[in-house]
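Q: Please read through the structure below; I'll follow up with questions.
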Amino acid sequence: MKLGTKLTLYLSLIIIIVLSGYGYYHIVARRDILIRKMKVEVRSVGSTLKIVLEKISLPREMEYVQDLIDAVEEYERTLGVIVYHQGKDLIFRSRSLAETPPYLGWIKRSIQGDLVLEEFGVYQKTPVFGYTFPLKDKKGKNIGGVSILQHTSFMEEDIRKAKWTILFTILAVIGGTVGLVVFVTRKWISQPISQLMNGIEHLGKGHFDTRINLKGKDELSDLARSFNEMAGELKKAQERIIQEAEIKLELERSLRQSEKLATIGQLASGLAHEVGTPLNIIGGRAELMKRRPEDKEGAQKNLDIIVQQTERITKIIQQLLGFVRKKKADMKVVTIKAILRNTLDFLDHQIQKQGVSVVEEIKDDLPLVLGDSDQLQQVFLNLILNAIQAMPEGGTLRISALSKRIAKEDVEGTERQYVEVSLEDTGMGMEKEALSNIFNPFFTTKDTGTGLGLMVSQGIVQDHEGWIDVESEIGEGSVFKVYFPFLQGEVGDDG
């Protein structure tokens, strides 16, 4: 529910409660006034009757008393009059009274207690008000009493009319007040707040040219002016960020170009070094064959060496071309567990020959990964082969795979779910210098290595939006941890 609607409802409710309370109080007050007015009228009639009746002799002036009662009865609000003489046990009543009502008991109580009684009652289903007082003789002794019965229907009718008048008046006042509240809250609260909300919504979508036009000196107008100032500052900040981003992008392009040139230089230097050695051997053997053409046995040996060195050069060039000209990855949904099992089966002969025992700790419910199965198998082949070769006298290779929530160390952002593949060997380990260079091209700690395997593996993993962490110490072995992001909500079934 909107703020303006809430405010309108609350104010309207308060107004209704206050005016209803006022109306109720006014009706009660009006009723009290009418009751007092009726009592004053009855008391006035009663005082007149009391003066007249106490000056005459009731037994002797019976006809006069009856005429007096009938005269009082002619007043439309008076139902009837009852006069009682205690000594003679005489009862005078108005002709409208069909029988002596039970209010004779009021008169007797009034005489006995010397009291003036004012009570409400019912006569023949008609609500009445009874005013009763004692009559005294010249000596002040109570000789009788009078009860005047007054219709209350006239008073109730007046009260009913007053109720309707007050009700219509209050309804009119409530309607007008609520209408005024609705108009005021809509004009000065709902519409300004709606403009502010629309402005904030547009600003949130990146429309920093949004402005709110509210003229006034209230808090909402001040808020609108502050909003406009903020939008202007955000516009300037956006322009600065765009400008800085363009500068940064240009710097990154230059840096990438420099890195590319540095990598090309490093590759060229490494290639020259790696290819130069076998070329020197080939050249030396060819020169030797040229000098000793008659030595057939030596020529055969030299040719075998030349073929071996040529194959070595070919292998280096193929790996280098495989890194430079990467084939487009065939990305499909794959299971890491299945790829690891296939890789271990493929290397089973080397594992047994090297005397390495493999311990698998691979979860069955690993999430699925989007990747190229051939490229991922190449990564695991390189890493497992390196681990086997790092344990020339045998050892233990522990392979584990599990899901883990982690964030990249070099990327600012929230954590994400990854599949972590860990390969831990008990081999020779590496020094810190070697550890910091293992992913560089042509860097190797093995006599027969090309220094391209880990570089290619790292490139493949990065293409799959993952990374490789390495931990190693001399004599303690090495741990390679590979991370791949997995498909949200997908779980593999390797059966």
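Q: Just give me the residues in the stretch 464-487 being under 18 Å from Ile388 (Cβ atoms) and among the acidic types (Asp, Glu), in sequence order.
A: Listed by number, the list holds a single entry, Glu476.
Q: I want to confirm something. Restricting to the stretch 369-419 and keeping residues that are closer than 21 Å to Thr335 by Cα and of a type in the set (Asp, Glu), which single residue is modelled with the lowest pLDDT?
A: Asp374
Q: Which of the following residues is assigned to a helix (DSSP H, G or I), among the hydroxyl-bearing types (Ser, Thr, Tyr) and under 29 Å from Asp89 (Cβ atoms): Tyr25, Tyr10, Tyr64, Tyr75?
A: Tyr64
Q: Given the conditions (1) within 24 Å of Ala434 (Cβ to Cβ); (2) among the β-branched types (Val, Ile, Thr); (3) in contact with a Gly (Cβ under 8 Å, 6 or more places away or on another chain), and given that Ile388 satisfies all but one, which numbered condition is not satisfied?
A: Single failed check for Ile388: (3).
Q: Among the strands (runs of 3 or more DSSP E) confined wholly to the stretch 86-172, which include 2 or more residues that are assigned by TED's automatic domain parsing to the domain that holds Val72 and of a type in the set (Phe, Trp, Tyr)?
A: Of the strands (runs of 3 or more DSSP E) lying wholly inside the stretch 86-172, those with at least 2 residues that are assigned by TED's automatic domain parsing to the domain that holds Val72 and of a type in the set (Phe, Trp, Tyr) span 117-123, 126-136.
Q: Suppose we keep only residues that are of a type outside the set (D, E, K, R) and surrounded by fewer than 17 Cβ atoms within 10 Å (Cβ to Cβ) within the stretch 386-399. Which one would you say is farthest from Asp348 (Cα to Cα)?
A: Within the stretch 386-399, the match that is farthest from Asp348 (Cα to Cα) is Pro392.
Q: With respect to Ala299, determine if the residue is modelled with pLDDT of 75 or more, surrounded by 10 or more Cβ atoms within 10 Å (Cβ to Cβ) and within 30 Å of Glu201 (Cβ to Cβ). Outline the logic, then answer.
A: On the way: modelled with pLDDT of 75 or more: yes; surrounded by 10 or more Cβ atoms within 10 Å (Cβ to Cβ): yes; within 30 Å of Glu201 (Cβ to Cβ): no.
No, not satisfied.
Q: Return the pairs, sorted by first residue and then second, in which the second residue is surrounded by fewer than 18 Cβ atoms within 10 Å (Cβ to Cβ), the first residue lies in the stretch 202-217 and is acidic (Asp, Glu), the beta carbons are less than 7 Å apart, and the residues are 6+ apart or on different chains.
A: Asp209/Lys235
The rows are residues; the columns are (1) more than 21 Å from Leu7 (Cα to Cα); (2) at pLDDT below 80; (3) in contact with a Phe, Trp or Tyr (Cβ under 6 Å, 6 or more places away or on another chain).
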| site | (1), (2), (3) |
| --- | --- |
| Val173 | no, no, no |
| Val182 | no, yes, no |
| Ser190 | no, yes, no |
| Gln195 | no, yes, no |
| Gly206 | yes, yes, no |
| Ala231 | yes, yes, yes |
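Q: I need the full set of residues from the stretch 74-87 which are surrounded by 19 or more Cβ atoms within 10 Å (Cβ to Cβ) and either under 15 Å from Phe129 (Cβ atoms) or out of contact with any strand residue (DSSP E or B) (no Cβ under 8 Å at 6 or more places or on another chain) (or both), in order please. I'd like the intermediate steps shown before the answer.
A: So the first thing to find is which residues in the stretch 74-87 are surrounded by 19 or more Cβ atoms within 10 Å (Cβ to Cβ), and the list is 78-85.
Within the stretch 74-87, Thr78, Leu79, Gly80, Val81, Ile82 meet the criteria.
Q: So which of Pro127, Pro102, Pro134 ends up being at pLDDT below 80 and not polar (S, T, N, Q)?
A: Pro102
Q: Here are some conditions: (1) within 23 Å of Leu149 (Cα to Cα); (2) in contact with a helix residue (DSSP H, G or I) (Cβ under 9 Å, 6 or more places away or on another chain); (3) among the β-branched types (Val, Ile, Thr). Thr5 meets all but one. Which one does it not meet?
A: Thr5 satisfies every listed condition except (1).
The values are calculated or read from the model by the stated rules, or taken from the named source; none is laboratory data. None of these values were measured; they are calculated from a predicted model. Positions of Cβ are backbone-derived with ideal geometry, glycine not excepted, and every protein chain shown enters the neighbour counts.
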